[in-house]
Amino acid sequence: MSVFDDLARRIERWSALDRAADPLAAAVGRAARPGPVRDLLSGAVLGHPLHPLLTDVPIGAWTMAGLLDLVGGRAAPVADVLVATGVVAAVPTAATGLHDWSDTRGAPRRVGLVHAAANSAALGLYTASLLARLRGRRTAGKALGLAGLGALTAGGYLGGHLSYVEGVGVNRTAWRRGPARWTDVAAAGELPEGEPRRVVAGRVSLVLVREGERVHALDSVCSHMGGPLDEGEVAGGCVRCPWHGSVFRLADGSVVHGPATSPQPAYETRVEQDRVQVRARPR
Ligand code: FES
């Protein structure tokens, strides 16, 4: 285990962070109710998480500014523009990150808090660097930028840990695949109209919903963070996740409202002699 990984693991166990993290996450959750703002911040409108896309801008701009600071000379004004670009881009990047972080729990929430603190420190240092450059204090501006790059690197490492080790922001259904052949899962006559019912098909669990003669089947594990869709609310041809309010269309699993950005796997269904059968749709 590297020293960095060891540090990340220590942060995961640092329960004292919960005293700050939990009230802040609750406040963000209250401010960002399911709807258009949440769809935008999560990236549901794009069908892709927005935060990792936006992080490329400040990271790229500030890293290039650091290189141009080393070159100096005629590169100096370009470095200043890149520092300013990173400062401006960091604001929406932080807003999307704060939104995503508010849905986490436990260890990822603690790591996310330190990730945000490191990146906020980077933003503060680069803002100070920009002000120093504007006042003609180039040496101080470069030094503050270098310190900002250090904070940014620490924050970036923890952001990678959140995604690649903790699995924050990944599609929770990516590796779930039900049977490709018609598989018997339930008695059609026992399915109440418009109420979700959990069944098992092969190695995955599904949620069935009967609407008149039609039976819909979606993976029961929410693509956002694994919430149980079989405990969700059904209305208007959709099911709403009980954890963070993502809404999926029953007919095809598409995302109607985030924070989920990946559609829910939908299964083909048929009724044979009062038995509901399902099979995975071809990809
Ligand atoms: S787990 Fe977050 S919306 Fe379903």
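Within the stretch 172-212, being touching a helix residue (DSSP H, G or I) at 6+ places or on another chain (Cβ under 6 Å) and β-branched (Val, Ile, Thr) holds for one residue alone: Val207. Residue pairs whose Cβ atoms lie under 8 Å apart, sitting 6 or more positions apart in sequence or on different chains, and linking a residue in the stretch 235-250 that is more than 17 Å from Leu41 (Cβ to Cβ) and of a type in the set (A, V, I, L, M) to a partner that is within 14 Å of the ligand (Cβ to nearest atom) and part of a loop (DSSP other than H, G, I, E, B), are Val239/Pro196; Val239/Gly232. Scanning the stretch 243-257 for residues that are in contact with a Leu (Cβ under 8 Å, 6 or more places away or on another chain) and within 12 Å of the ligand (Cβ to nearest atom) gives a single hit, Phe248.
Looking only at the stretch 233-255, residues that are farther than 17 Å from Ala32 by Cβ and touching a Phe, Trp or Tyr at 6+ places or on another chain (Cβ under 8 Å) come to 3 in all.
I want to confirm something. Restricting to the stretch 1-35 and keeping residues that are at pLDDT below 90 and within 19 Å of the chain's Cα centre (by Cα), which single residue is nearest to Arg105 (Cα to Cα)? Looking at the filtered set, the residue picked out is Gly29.
Does Pro179 qualify as being outside any strand (DSSP E or B) and away from the ligand (no atom under 16 Å from the Cβ)? Walk me through how you get there before you give the answer.
On the way: outside any strand (DSSP E or B): yes; away from the ligand (no atom under 16 Å from the Cβ): yes.
In short, yes.
Do we find that Pro228 is within 15 Å of the ligand (Cβ to nearest atom), out of contact with any Gly (no Cβ under 8 Å at 6 or more places or on another chain) and free of Cβ contacts under 8 Å to residues at least 40 places away in the same chain in this structure? Yes; evaluated as a whole, the condition is true for this residue. When the stretch 258-274 is limited to residues that are part of a strand (DSSP E or B) and of a type in the set (Asp, Glu), the one that is nearest to the ligand (Cβ to nearest atom) turns out to be Glu268. Among the residues of the stretch 214-225, those identified as among the small types (Gly, Ala, Ser) and within 12 Å of the ligand (Cβ to nearest atom) are Ser220, Ser223. Right, Thr269: among the polar types (S, T, N, Q), surrounded by fewer than 22 Cβ atoms within 10 Å (Cβ to Cβ), closer than 30 Å to His48 by Cβ and over 26 Å from the mean Cα position of the chain (by Cα) or not? Yes; evaluated as a whole, the condition is true for this residue.
Every residue, every condition in (1) in contact with a strand residue (DSSP E or B) (Cβ under 9 Å, 6 or more places away or on another chain); (2) surrounded by 22 or more Cβ atoms within 10 Å (Cβ to Cβ), yes or no:
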| site | (1), (2) |
| --- | --- |
| Thr104 | no, no |
| Ala116 | no, no |
| Ala128 | no, no |
| Leu134 | no, no |
| Thr139 | no, no |
| Gly145 | no, yes |
| Arg172 | yes, no |
| Arg176 | yes, no |
| Thr183 | yes, no |
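Ala44 meets all of the listed conditions (1) of a type outside the set (Asp, Glu); (2) within 22 Å of Thr153 (Cα to Cα); (3) not in a helix (DSSP H, G or I) but one, namely (2).
Do we have any residue at all in the stretch 165-173 that's more than 14 Å from the ligand (Cβ to nearest atom), acidic (Asp, Glu) and under 30 Å from Asp5 (Cα atoms)? Yes: the stretch 165-173 contains one or more residues that are more than 14 Å from the ligand (Cβ to nearest atom), acidic (Asp, Glu) and under 30 Å from Asp5 (Cα atoms). Among residues of the stretch 132-148 that are more than 15 Å from Ala84 (Cα to Cα), those with a beta-carbon under 7 Å from a residue that is at pLDDT 95 or above and in a helix (DSSP H, G or I) at least six positions away or on a different chain give the pairs Ala140/Ala132; Ala147/Leu125.
The values are calculated or read from the model by the stated rules, or taken from the named source; none is laboratory data. Please read all numbers here as calculations on a predicted model, not as lab measurements. A quick note on method: Cβ atoms are made from the backbone with ideal geometry, for glycine too, and the neighbour counts reach across all protein chains shown.
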